[in-house]
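The values are calculated or read from the model by the stated rules, or taken from the named source; none is laboratory data. Worth saying up front: this structure is predicted, and the values here are computed from it rather than measured. Cβ atoms come from the backbone with ideal geometry, glycine included; neighbour counts cover every protein chain shown. Heavy atoms of the whole protein, side chains included, go into the accessibility calculation; ligands, DNA and RNA do not. Shrake-Rupley method; radii C 1.70, N 1.55, O 1.52, S 1.80 Å.
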Amino acid sequence: MITKTGGAFSLALLLAAFGAGAQTVATAAKSPKTANAATKPTIVLVHGAFADASSFQYLIPLLQKDGYNVVAVQNPLSSLADDIATTKRLIDAQKGPVVVVGHSYGGVVISGAASGNPNVKALVYLAAFAPEANEPVGPLTDKYPTALGKALRPDAAGFLYIACDQVHNVFAADLPESAARVVCATQKPVHNSVFAATIDTPAWKTIPSWYLVSKEDHALNPDLERFYAKRMGAHTTEIDACHVAFISHPKVVAKLIEQAATATEK
């Protein structure tokens, strides 16, 4: 996530909410092992709905410290087509092998944006949607319901927000309530059309995939996450965490991403 006006999860405010522990992680970014970065795949991080790229603020320094070049896309969340185009542009701009990581709705985006790119060596899904070709995510979320559906509030333009009194329980239960209030105040809405949109050729059909199931997720049903992971044949790990495990448990998430990255180097 880095302080960004209008973006989700402001760095300055969340550092204050988390205290010295978060500051220690952020400090690690000052001395990445850049000498090793050229021999490792680039990690491309793709945020989900209600967030922006600064949501990865605790994850990025850990990956950089271990010698990875990391870039995080800033998607507009205005339509699936726009988000795929923006993500694809960033992926295509990287030199050499790439590992693409998507959180939540970002899983749909990376499934479309990474398709057909020979430089993408692995995909990592963090409590993420992983649709089949021509499969909207809406019907499956109806089959595997969560509290998120009732917590969403549309604006006049069709963009969806999470109701402030629901953010902590539904989206960010692992975070302090003070941090959840920041999440609410700075959340980036997603257009409701994305839940009916589809992709043609899912990248996970041809690219090795890893999946992190968040067992305490109230935004995306853990059983739906398991369904996606099994259907993909993904290397699957489960964690006792809420929907944003990459914030509450960044070391675990970094380890999973690095496992995927290491597998591409063999």
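Within segment 91-196, the trypsin sites (Lys or Arg not before Pro) that combine a DSSP coil assignment with at most 12 other C-beta atoms in a 10 angstrom radius are LYS95.
Could you sort out which of LYS205/LYS230; LYS40/LYS188; LYS121/LYS255; LYS65/LYS188; LYS150/LYS230 sit more than 22 Å apart by Cα distance in this structure?
Working: LYS205/LYS230 13 Å; LYS40/LYS188 32 Å; LYS121/LYS255 17 Å; LYS65/LYS188 29 Å; LYS150/LYS230 28 Å.
In this structure, LYS40/LYS188; LYS65/LYS188; LYS150/LYS230 lie more than 22 Å apart at Cα.
Along the axis of the charge dipole computed for the chain (Cβ charges of +1 for Lys and Arg, -1 for Asp and Glu, origin at the Cα centre), the listed residues ILE162, ALA93, PRO208 are led at the positive end by ALA93.
The simple spin-label model puts a point 7 Å past each Cα toward its Cβ; for ALA93 and LYS230 those points are separated by 4.0 nm. I need the shape label for segment 205-259. Rule: rounded when a/c is under 1.5, else prolate if a/b > b/c, else oblate, with a, b, c from the alpha carbon gyration tensor. It comes out oblate by the Cα gyration axes. The spacing between segment 103-124 and segment 161-217, judged by their C-alpha centroids, is 16 Å. What you get for the chain, charging only the Cβ of Lys and Arg (+1) and of Asp and Glu (-1), is a dipole of about 700 debye around the Cα centre. Using C-alpha pairs under 8 Å with a sequence gap of at least 6, the mean separation divided by the residue count of segment 145-266 gives a relative contact order of 25 percent. Among the cysteines of the chain, CYS242 have no other cysteine beta carbon within less than 4.7 Å of their own.
Direction-averaged shadow area of the convex hull around the Cα atoms of segment 111-266, nm²?
9.5
As a rough guide to protection, the peptides 52-58, 136-142 ranked by mean Cβ packing within 10 Å, highest first, stand as 52-58, 136-142. For the chain, the solvent-accessible area with a 1.4 angstrom probe is 41 square angstrom per residue. Overall, the accessible surface of segment 148-266 at a probe of 1.4 angstrom is composed of carbon and sulfur to the extent of 52 percent. Summarised in one figure, the compactness ratio Rg/Rh of the chain, Cα atoms and Kirkwood Rh, is 0.93. In straight-distance terms, cross-link reach from LYS95 covers every one of the aspartates and glutamates whose alpha-carbon lies under 18 Å from its own, apart from those fewer than eight places away in the same chain; here that gives GLU265.
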